[in-house]
Amino acid sequence: MTMRRNILLISLFTLLTTATIYYYNQKNIKSEILRLESIIKNEYTKRKNPSLPWIFAITPTYSRYTQKADLIRLSQTLMHVTNLHWILVEDSNNRTDLVSKLLSESGLTFTHLNITTPPEMKRKRGEKRYKKHRGVFQRNLALKWIRNNVNILKTKGAVYFMDDDNTYHVKLFDEIRKVNHVGIWPVGLVGGIRYEGPICSNGKVIGFRTGVAPNRSFPTDMAGFAISLKVLVKEKPDVIYESTAPHGRLEPTFLDNLTTVAQLEPLANNCTKVLVWHTRTETPTVHWVGERQLNEKWKLDPNIEV
């Protein structure tokens, strides 16, 4: 009888111990889940501030060896920016899995679009880069999306054309929020000189420092200006990029239809700070014979995403 009682006591103790451990484990698990949810929520809300204007950043992109690397670098810069809506437009017939997955994992507020550049507007193999304008149809589709979906009575902010292979300082986005009409600033490593941009005096643009076609009305790079939502949506709702614009005049013809030099708003400390660089990722050389040999030798998956 005593042995049976001891066995029952041991069993009861084990059951109570197990139940206690389970209870505390469940409590700890719930606590950990709440902690992680709080971190995620805080990270998300840090990117939103109702008192700050929004930035709609338009990025054309196309399939190439360095596409993922370029977009990863850019997206991880944008993770530090509050109130930013990234409009990524693929030059393709369909939205690709690579870009869709990257956007979903970024945690950014985004819109994913696609449109194919007509064959006659694409640069042929061996043709010089400047022979055809790139990203025109993609930028115009993004502008159409903004005009159809953004209510300027509820949302204040600016639009910025942000190529995927440039380099951006996070301070640039603070400057973009200051735009009331059309803001402008210098761009580094463009046009064969250290930087290209406006020459300013007393808060006005009085000239342009440029190494290419100085007679252009707006000798500036795509990365060197931003436009208020009010201008693009309400005041100039029909202005788009012209795919037939002469070489070097894609930006000038666009800005000619939006503003004048006298109306430009010099930013980045009166256009004396370089906060964006016109960098380009070097196109890698892939030796497909070597690729096949390595895949055959090591039985590697040739479809690994790079």
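The values are calculated or read from the model by the stated rules, or taken from the named source; none is laboratory data. The structure displayed is predicted, hence computed values, not measured ones. Cβ coordinates were reconstructed from backbone atoms using ideal geometry, including for glycine residues, and neighbour counts include every protein chain displayed.
The residue that is farthest from E175 (Cα to Cα), counting only those in region 254-298 that are aromatic (F, W, Y) and free of Cβ contacts under 8 Å to residues at least 12 places away in the same chain, is W298. Return yes or no: is T220 touching a Phe, Trp or Tyr at 6+ places or on another chain (Cβ under 9 Å) and either touching a residue at least 60 places away in the same chain (Cβ under 8 Å) or not small (G, A, S) (or both)? Yes: the conditions hold for T220. Restricting region 242-279 to residues that are over 18 Å from R139 (Cβ atoms) and among the charged types (D, E, K, R) leaves a set whose member that is farthest from the chain's Cα centre (by Cα) is E265.
Could you look through region 280-306, keep only residues that are surrounded by 10 or more Cβ atoms within 10 Å (Cβ to Cβ) and of a type in the set (D, E, K, R), and pick out the one that is nearest to the chain's Cα centre (by Cα)? Step by step, filter region 280-306, then rank; the result is R280. Only residues that are under 18 Å from G224 (Cβ atoms), crowded, with 18+ Cβ neighbours inside 10 Å and not charged (D, E, K, R) were counted in region 144-185, giving 15. Which residues, taken from region 272-302, are within 22 Å of Q67 (Cα to Cα), part of a loop (DSSP other than H, G, I, E, B), of a type outside the set (V, I, T) and modelled with pLDDT of 80 or more? H278, R280, E282, P284, H287, listed by residue number. Got at least one residue in region 206-217 being among the polar types (S, T, N, Q), touching a residue at least 12 places away in the same chain (Cβ under 8 Å) and within 15 Å of A262 (Cβ to Cβ)? The answer is yes, given that some residue of region 206-217 is among the polar types (S, T, N, Q), touching a residue at least 12 places away in the same chain (Cβ under 8 Å) and within 15 Å of A262 (Cβ to Cβ). Taken as a whole, the condition of being within 24 Å of F110 (Cβ to Cβ) and either surrounded by fewer than 22 Cβ atoms within 10 Å (Cβ to Cβ) or in contact with a Lys or Arg (Cβ under 6 Å, 6 or more places away or on another chain) (or both) does not apply to V212.
Filtered by the rule that a residue be over 14 Å from L232 (Cβ atoms) and either assigned to a helix (DSSP H, G or I) or of a type in the set (S, T, Y) (or both), region 251-271 gives E251, P252, T253, D256, T260, V261, A262, Q263, A268, N269, N270, C271.
The residue that is surrounded by the fewest Cβ atoms within 10 Å (Cβ to Cβ), counting only those in region 25-80 that are modelled with pLDDT of 95 or more, more than 18 Å from H112 (Cβ to Cβ) and among the aliphatic types (A, V, I, L, M), is L52. Before we move on, is K230 more than 19 Å from the chain's Cα centre (by Cα) and outside any loop (DSSP other than H, G, I, E, B)? When the stated conditions are applied, K230 passes them.
Filtered by the rule that a residue be in contact with a helix residue (DSSP H, G or I) (Cβ under 6 Å, 6 or more places away or on another chain) and in a strand (DSSP E or B), region 187-219 gives V187, G197, P198, C200, V205.
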